[in-house]
1. Taking the options A10, A34, name whichever one is at pLDDT below 90 and at negative phi.
2. Somewhere in region 45-62, is a residue of a type in the set (G, A, S), modelled with pLDDT of 60 or more, surrounded by 10 or more Cβ atoms within 10 Å (Cβ to Cβ) and assigned to a helix (DSSP H, G or I)?
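The values are calculated or read from the model by the stated rules, or taken from the named source; none is laboratory data. The structure presented is a predicted model; accordingly, all values stated were derived computationally and were not measured. Cβ sites come from the backbone with ideal geometry, for glycine too, and all protein chains shown count toward neighbours.
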Amino acid sequence: MRTRDTHAGAGGGRRALAWIFWIGLIGFIALDLAVSAPRDRFDEPPMLALGSGKAAGAGHCSGATR
């Protein structure tokens with residue numbers, strides 16, 4: 001049976017494409033981390049401001065009429 005020989009190397013292009021994808025993704029994340037400013041998580045608005053007195057100032061949840 002030589003069915004295995006007829007498909008030898010058929011997955012090489014997909015494997016190379018997968019490597020290119022992962023190297024590109026990791027490179028993009030590394031570039032983004034190197035270029036962007038560090039994130040200050042204490043400067044962000046609260047996710048849920050239930051009863052805190054802080055009202056949303058923008059976006060679809062602010063309820064602004066104008």
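1. The match here is A10.
2. Looking for residues that are of a type in the set (G, A, S), modelled with pLDDT of 60 or more, surrounded by 10 or more Cβ atoms within 10 Å (Cβ to Cβ) and assigned to a helix (DSSP H, G or I), one finds none in region 45-62, hence no.
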